[in-house]
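Peer 1: What follows is a structure written as structure tokens; I'll ask about it next.
The values are calculated or read from the model by the stated rules, or taken from the named source; none is laboratory data. Treat the numbers as computed from the prediction; the structure is a model and nothing was measured. Note that we place each Cβ from the backbone using ideal geometry, even for glycine, and neighbour counts take in every protein chain shown.
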Amino acid sequence: MTITIDTQRTGLLCLHFQNDIVDEKGALALAGFGAARMVAKHDVLPKTARLQNAAHNAGVKVFHVAVTFRPDYSDAARSSPLIRACVDANSLIEGTWGAGFPPSVAPQGDDEVVVNKATGAFTTSDLKERLARTNLNTLLLAGVATNFVVESTAREASDLGYEAVIVRDCCTSVSDDMHEAALNTSLPHLATITDSEEVIAALSKAPHGAKG
């Protein structure tokens with residue numbers, strides 16, 4: 001599909017690209033969470049790095065959303081099986097390598113880092129307030145996992161009145177089946193779905209230099 005992007009009204013959300021999630025040496029990978037293997041299989045990090053570079057060159061604001069917890073997990077919602085799995089794996093502890101970003105997709109320049117404590121990017125963070133201070137109306141979503149943080153954030157963004165655009169090859173899950181299920185069932189009703197080549201092409205055609 002062909003898309004157009006207004007760089008002055010568009011932001012890029014990079015969701016949970018953290019070592020414990022996307023690196024095969026990360027705590028969640030070692031505990032059996034398969035997303036890191038799929039990240040490597042589909043070259044998600046190099047594709048996301050190219051997307052981020054294109055966004056920076058076009059003047060699109062980039063936000064990096066990271067899920068982190070205190071060392072004692074007193075801020076973790078253990079009612080969620082997904083969060084309990086993070087606790088059991090001793091993962092995503094603030095200030096550790098595992099909670100940090102791989103160098104290839106790490107924040108640059110005036111990128112903003114948003115910390116959350118839940119599956120979606122908005123629920124337990126100040127992302128809503130940060131976006132309210134901008135004139136953005138469109139959010140490009142890239143992240144891991146497709147059926148967790150990406151889908152949850154797309155739902156929240158849609159409810160808040162933002163147009164969400166899923167960059168499908170800059171997302172993955174613990175298996176191809178789970179990734180494709182999200183893309184083919186719920187997400188088409190919440191967002192536009194495209195790929196990084198289309199987004200990068202649209203960014204390259206847009207007027208550059210205007211910050212969102």
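Peer 1: Return the pair list, or none, for Cβ contacts closer than 8 Å from residues in segment 41-52 that are of a type in the set (S, T, N, Q) to residues that are in a helix (DSSP H, G or I) and surrounded by 17 or more Cβ atoms within 10 Å (Cβ to Cβ), at least 6 apart or on different chains.
Peer 2: Between residues of segment 41-52 that are of a type in the set (S, T, N, Q) and residues that are in a helix (DSSP H, G or I) and surrounded by 17 or more Cβ atoms within 10 Å (Cβ to Cβ), the close pairs are T48/V105; T48/S196; Q52/V105.
Peer 1: Of the residues A99, A118, A182, which is at pLDDT below 95 and under 16 Å from the mean Cα position of the chain (by Cα)?
Peer 2: After applying the criteria, what remains is A118.
Peer 1: Can I ask one more? Within the set of pairs 6 or more residues apart or between chains, which connect a residue that is free of Cβ contacts under 8 Å to residues at least 24 places away in the same chain inside segment 78-89 to a residue that is among the aromatic types (F, W, Y) and part of a loop (DSSP other than H, G, I, E, B) with Cβ atoms less than 9 Å apart?
Peer 2: Going by the 9 Å Cβ cut-off, the qualifying pairs are V87/Y73.
Peer 1: Okay, moving on. Taking the condition of being surrounded by 20 or more Cβ atoms within 10 Å (Cβ to Cβ) and closer than 13 Å to L15 by Cα, how many residues in segment 121-151 meet it?
Peer 2: 16
Peer 1: Okay, next question. Which residue, of A58, A66, A49, A35, is more than 23 Å from L131 (Cα to Cα) and either modelled with pLDDT of 95 or more or of a type in the set (K, R) (or both)?
Peer 2: A35
Peer 1: Output yes when any residue across segment 144-161 is within 17 Å of A58 (Cβ to Cβ) and modelled with pLDDT of 95 or more, and no when none is.
Peer 2: No.
Peer 1: Restricting attention to segment 68-108, which residues are in a loop (DSSP other than H, G, I, E, B), buried (at least 18 other Cβ atoms within 10 Å of the Cβ), touching a Lys or Arg at 6+ places or on another chain (Cβ under 9 Å) and not small (G, A, S)?
Peer 2: T68
Peer 1: Look at D110 and say whether it is more than 18 Å from V167 (Cα to Cα) and in contact with a Pro (Cβ under 7 Å, 6 or more places away or on another chain).
Peer 2: In short, no.
Peer 1: What are the residues in segment 8-26 that are farther than 20 Å from K47 by Cβ and within 19 Å of the chain's Cα centre (by Cα), if any?
Peer 2: Result: R9, D20.
Peer 1: Residue under question is T172, and the condition is that it be over 25 Å from D6 (Cβ atoms) and buried (at least 21 other Cβ atoms within 10 Å of the Cβ); does it hold?
Peer 2: yes
Peer 1: Separate question: For segment 28-79, give me each residue that is of a type in the set (K, R) and more than 18 Å from F148 (Cα to Cα).
Peer 2: K41, K47, R50, K61, R70
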